[in-house]
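Let me begin by presenting the structure, written as structure tokens, before commenting on it.
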Amino acid sequence: MTVGGRASVVPLALAASACSYQHYQSTFGNAATEARQFNILFVIFLVICAIMYLAVIAFLVASIARRRRAGEANTVEEGRHHESNPLMRTALISWGAVVGSGLVALAIASFIADRSMASAAANEKLSITVTGNQWWWDVQYNAGDNSKMVRTANEIHLPVGVPVRIYLKSNDVIHSFWVPSLAGKQDLIPGRDTDITVVPRKVGIYRGQCAEFCGAEHAKMALVVDVDSYRDFIKWWQHQLQPAPAPATPLAKAGYAFVTSRNCSVCHAIAGTPASGTVGPDLTHFASRRTIAAGAMPMSEGNLYGWVEDPQSIKPGSKMPTIGLEPNELHAVVAYLETLK
Amino acid sequence: MQRVEYLFTALGASAACAALSACNRSPPKQQLGSATVYQAAPVGDHAVAAPAASPADDGNWVMPGKDYAATRFSALNQVTPANVSKLALSFTFSTATTHGYEAPPLVVKGTMYLITPFPNYLYALDLTKPGAPTKWVFKPKPLAASQGVACCDTVNRGAAYDQGRIFFNTLDGQTIAVDANSGQQVWRTQLGDIQKGETITMAPLVAGGKVLVGNSGGEMGVRGWIAALDEGSGKLAWRAYNTGPDKDVLIGPRFKPFYKSDQGKDLGVKTWPPEAWKIGGGTVWGWPSFDPETHLIYYGVGNPGPWNPDQRPGDNKWTTGVFARDVSTGEAVWFYQTTPHDLFDHDDINEIILADIPWKGQRRPVLFRPARAGFFYVQDRRTGQVLSAAPYGYVNGYKGVDLKTGLIIPNHDKDTKVGRVVRDICPAAPGLKDWNPSAFSPVTGLVYIPHNNLCMDFGAMQANYISGTPYVGADVKMYAGPGGNRGAFTAWDPIRQRKVWEIPEDLPLWSPALVTAGGVVFYGTMDGWFKAIDARTGKQLWRFKAGSGIIGQPISYRGPDGRQYIAFVAGVGGWAGAVVSAKMDTRDPTGALGFANAVKDLPMKTTAGGMLYVFTLPR
Amino acid sequence: MSSRCRASFAFIAVAALVAGACNREERHSRAKPIGETVPAGESPDTIWPGGTVPQTLDPRAKLYDNNAPAISQGQQLFTQMNCVGCHSHGGGGMGPALMDDEWRYGGRIDQIATSIAEGRPNGMPSWRSKLTTDQIWQLAAYVRSLSGQPSKDAVSSRAEAMSNATPQTLAPREPAHTSDTAEQ
């Protein structure tokens, strides 16, 4: 292969890999009806606009090239240019028709995409309320039977194929809910209720991000959406309804004592314990989540130690203060938190 | 040209005037302090007090409600409309406290007992000697920190006397029995925990050999309960919670609520989000009543917590409703929920008057409840069925009560929501009438209701639960309702469900009422006027300006000399008077859970105090 | 002066103004050092038998007093820690009014911080084991702003709650009685 040939392989390979990539957080993810509709629309727009663009470029190049040819008669002469270009007139009218029909096609495509997204959302079977805080997501699963409600944070589990309506509220400033693989953006505005509907189509894990600047740690306000089969989703829900297990080991017991009598219980809630704070994320099943601090770090024991000991060095400005735990207190607290699966 | 302009200006001005007056929804201002008579007092067949619960008057006053039927009616008739203006001060006594005084004096066999707000001193005064000197003082020494978890001033609503002992509660959650003669403690039981935000402010009810006590703290995220202590030993006989699983609520096979919405298993868990019922309120800080015939106690349950309703979707059983329980075992017999999923802090703890009314040619045993939600409930006390529920003042937070389903009909325009301020909700959080009980006269058949006329703005926000601190989640601002008067005293006909006469008052009425067989009604205003009113016509007969606002129960007793005495303690405070008793700053309208805005002028009109006044007719 | 000279002169002047605006106040994300204790905070009226002992204000006070981020953070904590439930938005209720000039236990920032950390008799809870020192100082800074102590450019301009009291940026500055003047 020649050098030029080899060079042309690289962009093609990249393009190919883009199509087969998992799309963890990508607008090409196509993991839900909304994302698919949106992507189809995107492709239609891209094609039509690309044609228009290329045509415009072609005309531009052509007109520059014609201008360059020396000695050509100046077409701009009084009374002459009208009769000398009937071709121009036809070209103008037909080009106008092409552009007009292109725009109409875009409008129709847009309308169809919007309506199909709306109809897919029409019969929502699941309802979730997501409340944005600086800088974490409070997630609450609504249920007809209120005693089956689930509260969690920074992680949403959804059943595949089931339309879910996510009601969006904010406790402080404007945030924006964006899981690119699943759907578009929707703002969370304090004092106002908005909502977004999603019908996930592919089982998998998707990352979302706050898409409206909301303060110092806006960049570290991610969320994880876990799309499961319906059966796995119900199992997860039932597990979430269980209160936190009682600590078994002495170290975990010491951690429990610290968590429920010191700073932690003032902001956090752990079902089955006296801690019922609503200011911070619910920790009942904290250890089963994939990330710590709204995507700031993946969940692991080392990261947990770092977070509990000094959250301000990881997410400076976040509302969780650096308490300054003694080493034995730190071991105990992390040991207890790890039991909250 | 000029004439045309003039014409347009005139038209515009008159249109503007018409528009502005159309906006003014309040009726022309009534004369404050003087009665408006709506109908003549009823004659003929009218309600009477439940006979077993309301024995003949022996001239004493042994419990705050006068009798188990909570009539607050004195059968003494020496004082009449003709001679009440001659009432003269017989003696006074300073209780040495300056917080809100909500309790009645008790009088038993020539001794008067006074229980003060924190620090809950119990005084015994010897009425047989001139000047009523102190016999003894009992000082329970409650924990000073309990003042930090008492939502609405550090009040005490009274003691009770039974078989030689005085029973009362302290702010830090103890119930104490003291020998009525010697002042020595007989027993003391700790029931409440201030670390959880619990206090006890209510007056115990001594019935069926038990001392019934309930906790306070609906604004502190407590779990509400009512407990029965054995009268002789003070040991806990039973405790019934008002939220949670049926076994905690003492709901068993005997429980038969009348309406479908109150029927089901473990509703005290199912109608709450998970775990929310553990900090859901439902306290018992008002007035239980007792029917000796059926051995049932009736009591109302306080508000669910927090005030922000979005944190507790569901009906929130068993809060803001009325329970009937067997006094010996505590088993629930029936329950009626006045405001499911309460939005406005309309505790249902008001007094429950037991009466018998003529019903289709027979006598029907009922109970009367002028509720905080604004409706005067008449319910069959055997089953809880609502016979009538008419508003006794201006109500726009609800549209009425559906008698078929028993459910209150909400007005969804007034639904409170997080992040919004909902304006002009009537009645305001203290309700159309708060804890201060009304009086029922079996002579006139009327219920005399001292109450409020307040509306509020309510802004809900997320509440954080930290035990021992408030769990509210709302900013409230209260102000006068339609008419501009903040209080009113209404004489209500419970059978025909209408006002007979009403006296509008400038300030909210926070004092209980007293009615006598002589035909005189007594109540006090928050700026210190103690008034005597003709029970039939509403005409003011006499008034006396006390040293402080009056929020305590007036009583009437027969002294050792055989004369009729009228007594009350003046000491402004409570939720309404916290502006004065807690020395608040009135520049913040949300102070005292919104009350500061409604009574900004109170510090100019009265000062704190705690003085007993006793009146009688001159010889 | 040539136009180039004028331009560079103007540039230097603007740069100097901008640089002067930096470091107006310090915003830190954690207390320094970590894990310190709260000051004793005696009243200046305390009687010292045998002679007055000179007192200096705790050096940490200037990190928080008149510090806008600290006051703003304190405002959030004031609602979240339920101070609002007892003290309303300064008017009081279960607890004393914080917007007036009467202080039972002292109105200096270190005295307020001690009140919050240690609790006080008659019902003020002790927060030492529940809040970090940094948070307690932030709350103390906010409490002082309720009664008009810090300068107008440091106080919070936006009340998050329905209040209708005069906004702090418009309320007149009131001198504090730092000693205990309130009747008990």
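The values are calculated or read from the model by the stated rules, or taken from the named source; none is laboratory data. Small disclaimer: the values here were computed from a predicted structure and weren't measured. Glycine gets a Cβ as well: all are built from the backbone with ideal geometry, and neighbour counts include every protein chain shown. The protein model used for the area step is the full one, side chains on, heavy atoms only, and it has no ligands, DNA or RNA in it. Shrake-Rupley method; radii C 1.70, N 1.55, O 1.52, S 1.80 Å.
Observations on the model:
- Centre-to-centre separation between the Cα atoms of the range B:209-273 and those of the range A:271-326: 38 Å.
- Residue B:96-residue C:101 pseudo-label distance in nm [points 7 Å out on the Cα-to-Cβ vector]: 3.5 nm
- Listed pairs B:260/B:414; B:278/C:62; A:148/A:185 exceeding 32 Å between Cα atoms: B:278/C:62
- Unit charges at the beta carbon, dipole of the range A:142-281: most positive-side option, A:271, A:224, A:248: A:248
- Pairwise centroid distance, computed over Cα atoms, of the range B:574-619 with the range A:166-207, Å: 50 Å
- Global form of the range B:2-616, assessed from the alpha-carbon gyration tensor, a/c cut-off 1.5: rounded
- Value of [θ]222 nm, deg cm²/dmol, for the protein assembly as shown, DSSP H segments ≥ 4, -39500 (n - 2.57) each, nearest 500: -7000 deg cm²/dmol
- Summing +1 for each Lys or Arg and -1 for each Asp or Glu among the other residues whose beta-carbon sits under 11 angstrom from that of residue B:381 gives -1.
- Among the residues of C:75-87, the average count of other protein chain beta-carbon atoms within 10 Å of the residue beta-carbon is 6.
- Principal-axis tilt of helix A:327-338 within chain A, Cα atoms, nearest 10 degrees: 70 degrees
- Shielding by partners - mean other protein chain Cβ count within 10 Å, residues of B:314-320: 1
- With 27 Å as the limit on Cα-Cα distance, the pairs of A:125/A:169; B:235/B:256; A:220/A:341; A:253/B:235 that go past it are B:235/B:256; A:253/B:235.
- Summing Lys and Arg as +1 and Asp and Glu as -1 over all other residues whose Cβ lies under 13 Å from the Cβ of residue B:542 gives a net charge of +4.
- In this Cβ point-charge picture (+1 for Lys and Arg, -1 for Asp and Glu), the range B:2-616 has a dipole of about 640 debye about its Cα centre.
- Global form of the protein assembly as shown, assessed from the alpha-carbon gyration tensor, a/c cut-off 1.5: prolate
- For the range B:207-303, accessible area per residue (1.4 Å probe, heavy atoms of protein chains only), Å²: 32 Å²
- Relative protection proxy for A:116-127, A:162-173, A:291-302, from highest mean packing down: A:162-173, A:291-302, A:116-127 (other beta-carbon atoms within 10 angstrom).
- Partner aspartates and glutamates for residue B:86 [C-alpha distance under 16 Å; skip if fewer than 8 residues away on the same chain]: B:534
- A cut-off under 11 angstrom between Cβ atoms defines the neighbours of residue B:302, and their net charge, with Lys, Arg +1 and Asp, Glu -1, is -4.
- Exposure rank, largest accessible area first [B:369, A:151; 1.4 Å]: A:151, B:369
- Alpha-carbon centroids, the range A:239-253 and the range B:98-118: separation in whole Å: 50 Å
- C-alpha long axis of helix A:33-68 to longest principal axis of chain A, angle in °: 30 degrees
- Heavy atoms of residue B:93: accessible area, 1.4 Å probe, square angstrom to 10: 30 Å²
- The figure for residue B:451 is an accessible area of roughly 10 square angstrom, using a 1.4 Å probe on the protein chains alone.
- The residue list B:571, B:376, B:339 was ranked by how far each Cα lies along the charge dipole of the range B:2-616 toward its positive end, using unit charges on Cβ atoms, and B:376 comes out on top.
- Under 12 Å from residue B:196, Cα to Cα: aspartates and glutamates that are on another chain or at least 8 residues apart: B:172, B:219
- Solvent accessible area, Å² - residue A:136, 1.4 Å probe, full protein context: 30 Å²
- Put B:536, C:4, B:223 in order of accessible area, highest first, and with a 1.4 Å probe you get C:4, B:536, B:223.
- Cα→Cβ-extended label distance, 7 Å offset, between residue B:265 and residue B:163, nm: 4.0 nm
- Average beta-carbon neighbours from other chains, 10 Å sphere, peptide A:258-267: 3
- Exposure ranking of B:121, B:101, A:230 by accessible area [1.4 Å probe, largest first]: A:230, B:121, B:101
- With contacts taken as Cα pairs under 8 Å and at least 6 residues apart, chain B reaches a relative contact order of 17 percent.
- Counting only lysines at least 8 places from residue B:66 when in the same chain, those with an alpha carbon closer than 24 Å to its own are B:109, B:135, B:210, B:433, B:531.
- With Cα atoms, 0 to 90° folded angle of helix A:86-122 axis to chain A main axis: 20 degrees
- As a rough guide to protection, the peptides C:100-111, B:510-521 ranked by mean Cβ packing within 10 Å, highest first, stand as B:510-521, C:100-111.
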